[in-house]
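The values are calculated or read from the model by the stated rules, or taken from the named source; none is laboratory data. Since the structure is predicted, the reported quantities are computational estimates derived from the model, not experimental observations. Because the Cβ atoms are built from the backbone with ideal geometry, glycine has one as well, and the counts that use them run over all protein chains shown.
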Amino acid sequence: MSRSAPLPGRPVRGSTTGRPIMALLDLLGRRWALRILWELRTGQPTFRELRQRCDDVSSSVLSTRLRELSEAGIVAHTGTGYTLTPAGRDLLTRLRPLSDWAARWRPAPDGPPAAVIDADG
């Protein structure tokens, strides 16, 4: 498999046809990808600042993820730092309901996760 970013139409983990959802899940499932997106929700950190925000992730992993996220059109370099593109901001907005669900999800102390009740029911 190519070392480039997973994109729709390219073979990705879980899909030889590169279904868009599988390409997205492959991209977001890579080490540090979601953390990088989270840390870019505010400001335009430099590479060094972003690395510190990400608990000193290795510079090679951070560089690779930024390249992949940039190739996917989710992150951009502004010349002074990194920022989410409009597509990246849209993605983060769409991940918020998942974050809300996770905040309500509480594993039972000695058993399976407790049921999560959605807002409708």
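Applying the selection to the range 25-45, what residues are closer than 16 Å to PRO8 by Cβ and in contact with a strand residue (DSSP E or B) (Cβ under 9 Å, 6 or more places away or on another chain)? Correct list: LEU25, ASP26, LEU27. Taken residue by residue, the range 41-56 has no member that is among the β-branched types (Val, Ile, Thr) and closer than 19 Å to PRO6 by Cα. Residues that are touching a residue at least 24 places away in the same chain (Cβ under 8 Å) and under 17 Å from SER4 (Cβ atoms) were ranked within the range 71-86; the one that is surrounded by the most Cβ atoms within 10 Å (Cβ to Cβ) is ILE74. Here ARG48 fulfils each of the conditions (1) more than 23 Å from PRO8 (Cβ to Cβ); (2) among the basic types (Lys, Arg); (3) modelled with pLDDT under 95 apart from (3).
Scanning the range 1-30 for residues that are closer than 14 Å to LEU66 by Cα and loosely packed, with under 12 Cβ neighbours inside 10 Å, we see that the one that is modelled with the highest pLDDT is SER4. Against the numbered list (1) surrounded by fewer than 16 Cβ atoms within 10 Å (Cβ to Cβ); (2) of a type outside the set (Phe, Trp, Tyr); (3) within 15 Å of the chain's Cα centre (by Cα), LEU62 comes up short only at (1).
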